[in-house]
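Single-structure report; data block below.
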Amino acid sequence: MTKWMSALASIGCLLVTTGAPAQAYPTKTVTMIVTAAAGGVTDVVARAIAQRLSEKWGQQVVVENKGGAGHILGAMMIAKAAPDGHTIMVAERGTFVINPHMYSADKLPYKESDLAPVTGLVRIHHALIVKKDLPTNSLADVVKLAKEKPGKLTYGTAGNGSGPHVNMAMLENAAGIKMVAAHYRGATPAFNDLVGGHIDMMLISLTSALGAVEDGKVKMLAVGSAQRLPEHPNLPTTRESVPGYDAGTWFGMATTTGTPKDIIMKINKDVRDIINEPEVNERFVKKQLYTPMLSSPDEFAAALKAETVQWGKIIKEQNLEIKQK
């Protein structure tokens, strides 16, 4: 009897110990790394989540913007952080699946295996916007002008390998044109330069540009969705000028590899619950025309693996000029 009681006590202790990490987490301030400058989609999504996580966890969640270097700086911080879930990252597609194809192993200071996927967050459609005095009123006009002035038109990006960069490179390839990329530390500084007339065009989330469009500061020519959006029925799609060409990107969350599985599952559950909250969903998803892409950590990991292979093939087959030397 004594042996059985002792064995049961040991099992009980083991169960309590096993469950302890997630129950205690977080035990201190959590740092949320955003791999882009303040004001862009990555930042907006991260801050909305961080605020609610702070309330839910009773611990401060501090957002740190680490833009630049093709979104590498933020990922490098995650790779080197303690594997305890107190440093998490919100990043655009490029950080997860494009950079491995742009940089050689000795140039990329983090590996895919350094990042522990938590969940996908949202997908967005890109809109093509141009400076107000560019003599174009459609994507077809842009293509025509670019062919008349090869290598003269400029476009801003949110960083080398970012969605706005890769998608513009794909446009060049699909339309048979050549333009010049200007890389920024995020979409916001690129957008500010476009408004100032320093660059000719860029791709950006549709809702990020609406205010400037309404004020006459820039022109919006097309949206990269497969069909016209019900909310903006008069806005042509990119496919209408360049058949088969769409433009968009997505955002996801990761932490440091080696973080206990139950902590990753707790972050995953709480983030998914937050995005599904009616107020958050209405204010930061529907209003911004985002599409949720929530998933389990394993589902997100599988999606990343498949998309990494897919983008490797696209970059090679289409000879996209986005390689970093």
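The values are calculated or read from the model by the stated rules, or taken from the named source; none is laboratory data. Note that this is a predicted model, so its numbers are computed, not measured. Here Cβ is always computed from backbone atoms with ideal geometry, including for glycine, and neighbour counts include all displayed protein chains.
Quick notes on this structure:
- Considering the range 254-264, the residues that are more than 21 Å from the chain's Cα centre (by Cα) and assigned to a helix (DSSP H, G or I) include one that is surrounded by the fewest Cβ atoms within 10 Å (Cβ to Cβ), namely LYS261.
- Positions within the range 51-72 being modelled with pLDDT under 90, assigned to a helix (DSSP H, G or I) and surrounded by fewer than 22 Cβ atoms within 10 Å (Cβ to Cβ), in sequence order: ALA69
- So THR119, is it in contact (Cβ under 8 Å) with a residue 60 or more places away in the chain and within 24 Å of VAL41 (Cβ to Cβ): yes
- Looking only at residues of the range 146-178 that are closer than 21 Å to LYS316 by Cβ, over 19 Å from the mean Cα position of the chain (by Cα) and of a type outside the set (Asp, Glu), we find that the one that is surrounded by the fewest Cβ atoms within 10 Å (Cβ to Cβ) is GLY176.
- Residue check for ASP84: more than 18 Å from the chain's Cα centre (by Cα), in the same structural domain as GLY40 (by TED's automatic domain parsing) and at pLDDT below 90: no
- Check on ALA187, touching a strand residue (DSSP E or B) at 6+ places or on another chain (Cβ under 7 Å) and surrounded by 24 or more Cβ atoms within 10 Å (Cβ to Cβ): yes
- Per this entry, PRO189 is not counted among residues that are assigned by TED's automatic domain parsing to the domain that holds PRO243, within 14 Å of GLY224 (Cα to Cα) and at pLDDT below 95.
- The residues of the range 103-116 that are of a type in the set (D, E, K, R) and either touching a residue at least 60 places away in the same chain (Cβ under 8 Å) or closer than 15 Å to ASP298 by Cα (or both), listed by number, are LYS107, GLU112, ASP114.
- Residue within the range 266-281 that is within 26 Å of LYS305 (Cβ to Cβ), in a strand (DSSP E or B) and not acidic (Asp, Glu) present: no
- Candidates LEU304, LEU294, LEU289 - the one that is assigned to a helix (DSSP H, G or I), touching a residue at least 60 places away in the same chain (Cβ under 8 Å), within 30 Å of ALA222 (Cβ to Cβ) and among the hydrophobic types (A, V, I, L, M, F, W, C): LEU304
- So MET76, is it out of contact with any strand residue (DSSP E or B) (no Cβ under 7 Å at 6 or more places or on another chain), surrounded by 17 or more Cβ atoms within 10 Å (Cβ to Cβ), over 19 Å from ALA247 (Cβ atoms) and among the aliphatic types (A, V, I, L, M): yes
- Residues that are closer than 20 Å to LEU194 by Cα and charged (D, E, K, R) were ranked within the range 217-247; the one that is surrounded by the fewest Cβ atoms within 10 Å (Cβ to Cβ) is LYS217.
- Residue in the range 249-260 that is more than 29 Å from ASP114 (Cβ to Cβ) and either free of Cβ contacts under 8 Å to residues at least 60 places away in the same chain or out of contact with any strand residue (DSSP E or B) (no Cβ under 6 Å at 6 or more places or on another chain) (or both) present: no
- Taking the criterion of being buried (at least 19 other Cβ atoms within 10 Å of the Cβ) and of a type in the set (Lys, Arg), the residues of the range 79-135 that qualify are ARG93, LYS131.
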